[in-house]
Amino acid sequence: MAEEKAVEQKVEEAATQQEKDMADILLETQEELAKTRDERNNYKTGLLKAKGKLSDEDLQAEEDRIRAIAREEYLKTKEGDLAKKQDELIKQLAHENKELRTANRSKAGVTPVVPGAESKDATPPQNSPLSAELITKLKTEKGWTDAMVKELEDKQRARAGTRM
């Protein structure tokens, strides 16, 4: 029993010592960091004063000027990043739009039509299985679009191909 208590006491002392050591190391590190920061600031201030470039009032103005320059550069960088992102989005949208137009053209099998310019009076292609009169009647009386007429033509061609 006495041996167990002695061992426990030594373990507790070692743990306590280790905790104190870690706390001391942390404290020393914080102090060293503070000293390094002070030394850096004092060196910069001393160097500028030694060169006769700054007085105490000028030091604050110089720091403000540096902050303004840094902020301006940050904003320029941010503006450039946003402009780049906007350009990428525009390119992506243009690419998607082009793909959709191509897919729509190949799906419908027609050439692109200028918006607002419907060709109700357009002459049908020469190889159409439908007569010009029928196409005109469908468009004028029934209100069919070019795409609907094209679909009907395709179906008629498919039927004609299976009969042969």
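No lab work stands behind these numbers, since they all come straight from the coordinates. Remember, predicted model here, so these are calculated numbers, not experimental data. Here Cβ is always computed from backbone atoms with ideal geometry, including for glycine, and neighbour counts include all displayed protein chains.
Return the distance in nm (one decimal) between the two label points of a simple spin-label model at K85 and D38, each offset 7 Å from Cα along Cα→Cβ.
4.3 nm
Would you mind getting me the FRET efficiency between Y74 and D21? Use the beta-carbon distance for r and R0 = 41 Å, nearest 0.05.
It comes out at approximately 0.45.
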